[in-house]
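Comments concern the structure below.
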Amino acid sequence: MRKICVITNNRADYSRLKTLLKALKDRSDVELLLFVVGSHLLHNYGYTIDEIEKDGFNVTYKMHTEIDGRIPVTMAKSTGAAIMELSSAFYNFKPDMVVVHGDRFEAMAAAIAASFMNIFVAHIQGGEVTGTIDGHIRHSITKLSHLHFPSTEDAEERIIKMGERADMVFNFGCPSADLLLETPLISFDDLKKEIFKYAKKEDWKNNFNENFFMVVQHPVTTEFSYAKEKIMPLFDALNGFNHNVLMLWPNIDAGSETMVLEIKKFEKEKNGRIGLFPHFPFDLFVNIMRHAKVVIGNSSAGIREACYFGKPVVNIGTRQEGRQRPGNVIDVDYDAEQIKSAINRHLEKGKYKPEFAYGKGNAGKNIADILATINISQIQKKITF
Ligand code: UDP
């Protein structure tokens, strides 16, 4: 039986691995090893390991790999800690294959540890282009991986151009599209009830109505020294509207402490109009996105997921630079006037035509079929250019 080890480090990759994990779990020819690392184990980031276990997956091994600090040096050290932990875990559990997703530092650590240990590496969602350090990390993981599952044709082509074997590249779309397409739509009243289970502030609950913006703004590692300057224009722009704001906590990357400080000040200043949340389960996250008037910020969800519902998106700054865009996205700089004008344009226009830009479903099952059956004997990579 093939032992396949999947690494998940945060909510973002979990929503892109869940249907694959289910398909692997259901196979009789696969032993699934599930390693949970990174911010899944941190309470400030929603302690999302709970969600994984609630979904019925057995966690094989969990490890703390985050060095506190949220600055560039702690990101580098966290990568080192993850290499140490994961190499011991691979040594003990002896997987035949390691599956990593995307561009996070733990995925990089897993690909490094597995490569040195002659373990076959499969990478999901490689080949996409973005800003921040993620772009560098994503392509480095591609070069350490033997097998590739990009989500778009553009990404597939780029991986082959990077010298990877074309017969080891399979584009089935993104497994998060499987989930998006199967998540039931709930009414605004039900949405409100669900959100209120997570909301702490009564004044925000009293104000919350259908006219709300969903905001997710993460730090950009390569712009670490300007974290404050990069978030202030967003607040200036939001000041120009009476809409309620449902805002998610930024991720763990360098710069997030400064951003959190500013977000908290803004929340206080706006007194009941800003609701701040660490995390929502995926089905709720999707329904919030469906009901929001506009999705604002720099989350990949704005580019890769909101298009499935034709949701208007204002994408701010460089974090998603280069990623293939559907027609519902307006790109703006870190500039209050530009952000305001893009929001106004969207409010005038309303919904866009839905686009299934990152897959049409069944990706998890298709990827599992390849992982379970492909020949993994050739560990030495042959790179051609
Ligand atoms: N997500 C979720 N709940 C949340 C926030 C995010 O399920 O509260 C999922 C969702 O699929 C989203 C993905 O995580 O598309 C990535 O979101 P995030 O903005 O955290 O990360 P990014 O991919 O931009 O780094």
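None of the figures in this text is laboratory data; all of them are computed from the coordinates on show. Since this is a predicted model, take the numbers as computed values, not measurements. FYI the Cβ positions are ideal-geometry reconstructions off the backbone, even for glycines, and counts take in every protein chain you see.
Lysines near residue 192 by alpha-carbon distance under 20 Å, same-chain residues fewer than 8 away left out - which ones? Hits, sequence-local ones excluded: 200, 201, 205, 293, 311.
Region 203-243 and region 333-352 have Cα centres separated by 13 Å. Ellipsoid semi-axes for region 240-385, based on the Cα gyration tensor and the rule √(5λ), read 34, 20, 17 Å when sorted largest first. Take each peptide in 17-24, 327-334, count the other Cβ atoms within 10 Å of every residue, and average; sorted highest first, the result is 17-24, 327-334. Diffusion coefficient of the chain by Stokes-Einstein, Kirkwood radius over Cα pairs, 10 °C, 1.306 mPa s: 75 µm²/s. Between the alpha-carbon centres of region 10-52 and region 106-137 there is a gap of 17 Å. In summary, the aspartates and glutamates within cross-link reach of residue 381, defined as a Cα separation below 12 angstrom excluding same-chain residues under 8 places away, comprise 164. Per residue, the convex hull around the alpha carbon atoms of region 40-135 comes to 118 Å³. Excluding same-chain neighbours fewer than eight residues apart, the lysines reachable from residue 62 by a Cα-Cα span under 21 Å are 3, 18, 22, 25, 54, 77, 94. Each 5 Å bin, from zero up to the one with the longest distance, holds this percent of the alpha carbon pairs of region 236-309: 3, 13, 24, 26, 21, 12, 2. Each Cα pair under 8 Å and six or more residues apart adds its separation to the average, and for region 295-385 the resulting relative contact order is 27 percent. Here the calculated FRET efficiency for residue 43 and residue 349, from their Cβ-Cβ distance with R0 = 41 Å, stands at 0.55, rounded to the nearest 0.05.
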